[in-house]
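Student: Could you have a look at this structure, given as structure tokens, before my questions?
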Amino acid sequence: MSKVKLSTELLGRLESSLLTQDAPVVSRLNPGLSDSEIDELSAQIGLHLPDEARLWWKWHDGASPLSDDPYGGNACTVGPQRRIWTLAETITARADELELAKEVEPDDPDYWWNPSWLPFTTAPTAVDCTPDDDGCCAVRNTDPMWDPNDRGPQVAASIGELVELWIYALDNRIWRWDPSIGDRGGWFQDHDLVTPELRRTSQF
């Protein structure tokens, strides 16, 4: 897939695809943040969020389960193991990763978790907030077992490209929401529909 910058049109398509699946996350999405709220939160960690990251949290500030939600945390996922966080939750998760990095690689903690990375979902995925001329954020796989020789390999050139991939998975029924899975419902991934090309993105 070609590099594409995240847009309100693309986010609208994602929401529509989730609605078609009857995914409960749609009714758990929080209101978006204002620019000043984003600046206040990101200033705490010394990062200026690129355009794509700002748009993501301006669209919706993650999702929160209902009190006594019948689907639990699964109600806030956009795909298998992809719970979307508020910006505040993301910042907390980043702090945890930085602490872990000091333990795992005390001589070079930035190799284990670069300070410019923000965890993006509960899946091992981070957006790279390194300045980019077009305001895009590279998306990185932070699973240390994925490629031991390349920490944080790029899996998408932008958040827009990642969201396109999610939409493709939803629209082609690779990911299907099933309220009967387990005790609280969840996502089914049809492995028969995952091509080698899709598997290389590390999202499947």
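Student: Between ARG199 and TYR111, what FRET efficiency comes out of the Förster formula 1/(1 + (r/R0)^6) with R0 = 35 Å and r the beta carbon distance, rounded to 0.05?
Tutor: The formula returns an efficiency of 0.85 here.
Student: How many angstrom lie between the Cα centre of segment 155-204 and the Cα centre of segment 99-140?
Tutor: Centre-to-centre distance over Cα atoms comes out at 23 Å.
Student: Further question: Identify all lysines with a Cα-Cα distance to LYS58 below 26 Å; exclude those on the same chain that are fewer than 8 residues away in sequence.
Tutor: In chain and number order, the partners are LYS3, LYS5.
Student: Suppose every Lys and Arg Cβ carries +1 and every Asp and Glu Cβ carries -1, with no other charges. What dipole size does the chain come out with about its Cα centre, to the nearest 20 debye?
Tutor: Roughly 600 debye, rounded to the nearest 20.
Student: If each residue's Cβ is checked for other Cβ atoms within 10 Å, how do HIS48, HIS191, HIS60 rank with the fewest at the top?
Tutor: HIS191, HIS48, HIS60
Student: If you consider only alpha-carbon coordinates, what radius of gyration and Dmax does the chain have, in Å?
Tutor: 16.6, 49
Student: By how many nm would the segment from ASP190 to ASN172 lengthen if fully extended, with 0.36 nm per residue of separation less the alpha-carbon distance?
Tutor: Here the segment from ASP190 to ASN172 would lengthen by 5.5 nm.
Student: Show me the ranking of peptides 157-163, 13-19, 104-110 by mean Cβ neighbours inside 10 Å, starting with the highest.
Tutor: Order by mean packing, descending: 157-163, 13-19, 104-110.
Read-outs: derived from the displayed coordinates by stated rules, not from any lab. This is a predicted model, so every value here is computed, not measured. Backbone-built Cβ (ideal geometry, glycine too); neighbour counts: all protein chains shown.
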